[in-house]
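*Asks:* Input: one structure, supplied below.
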Amino acid sequence: MLYSIIMRKLLLIIGILSLFNVAFMYNVANPTIGFTLQAAISVFIILYGIFLKKIPKIVHIITGALFLIPIAFSLFLAIYGNTKNVDYTEDAVIVLGAGINEETVSKPLSRRLNEAVLYWEQNKDAYIVVCGGLGNRAVITEAEAMSRYLTARGVPIQNILLEESSTSTFENLAFAKEILDEHFPDGYRALLITNDFHVYRTVHTARLLGISAGHIGAPTDWYTIPVNYLREMTAVVYRLFYPDITSLESGLS
């Protein structure tokens, strides 16, 4: 009886806090499918807590098993994304966009750019391709905002190449490849930088485009983990069933 009461309260607290997290994220980040998924799961947890006593034991077992799948999936994405494979002799760094607010880079994007600065400090011959067009909360392109961020931290403007047309992961990489193919007609070695949860899909997409590159995963702020990992798991699963990399990318980027 006591266990049931504790579990019920715990589920209600988790569900309510998760909904608050969704509301907070909505005000600081561009909405994605991850928002909808987290909101739906939050409501499910709240309802599960309310009707806990009436739910059969077999349903508890099945529900617990189903929740283990996204947890394991998230661990895989996190481990993959935090395992870097660079030797600091690469010719170019591709930094994927992650949204800006007017002219200010978002927190996830600043994490990516900080990794690019740290890399450049150890390989100052490298060119940095900054990717991203004009977003719905921006007054300049993501690439321009990223370039300003990098130059303010010491990266010479001549080492920065702007890709200002893309709106998705696929376009980030495809358009960056066009720039680098023209800049390095004899070939080049590249490095991909994005947030850790996004590395696996980025590397997979790059390979499909013919880009063989190392990767560095930037850290993810704890309060953004549910939204970002739910979105990313959906994108990866979608890619498995619909391998056409040009489809639905803008909604899952």
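Every number in this text was worked out from the coordinates using simple rules, so none of it is lab data. Source: prediction; values computed, not measured.
*Asks:* Once you have the alpha carbon radius of gyration of region 81-128, what is it after dividing by 2.2 N^0.38 Å, with N set to its residue count?
*Replies:* Details: Rg = 11.8 Å, N = 48, 2.2 N^0.38 = 9.6 Å.
Computed over Cα atoms of region 81-128, the ratio equals 1.24.
*Asks:* On each of the three principal axes of the Cα atoms of region 16-61, give max minus min coordinate, whole Å, ordered largest first.
*Replies:* So the extents along the principal axes, rounded to whole Å, are 39, 17, 10.
*Asks:* Stretched out fully, how many nm does the piece from residue 26 to residue 51 gain, at 0.36 nm a residue minus the Cα gap? Display every interim value, and only then the final one.
*Replies:* On the way: separation 25, 0.36 × 25 = 9.00 nm, distance 2.86 nm.
Here the answer is 6.1 nm.
*Asks:* Follow-up. Helix 107-122 versus the longest principal axis of the chain: what is the Cα-based angle in degrees, 0 to 90, to the nearest 10?
*Replies:* Helix 107-122 sits at roughly 40 degrees to that axis.
*Asks:* What translational diffusion coefficient, in µm²/s and rounded to a whole number, does the Stokes-Einstein relation yield for the chain at 20 °C and a viscosity of 1.002 mPa s, taking the hydrodynamic radius as the Kirkwood radius over Cα pairs? Numbers along the way, then the final one.
*Replies:* Values: Rh = 19.4 Å.
In µm²/s, the coefficient is 110.
*Asks:* How far, in degrees from 0 to 90, does helix 2-28 lean away from the longest principal axis of the Cα atoms of the chain, to the nearest 10?
*Replies:* Helix 2-28 and the main axis of the chain meet at about 30 degrees.
*Asks:* Quick check: from the Cα gyration tensor, does region 18-97 come out rounded (a/c under 1.5), prolate or oblate? Let's see the in-between values first.
*Replies:* Details: a/c = 5.00, a/b = 1.85, b/c = 2.70.
It comes out oblate by the Cα gyration axes.
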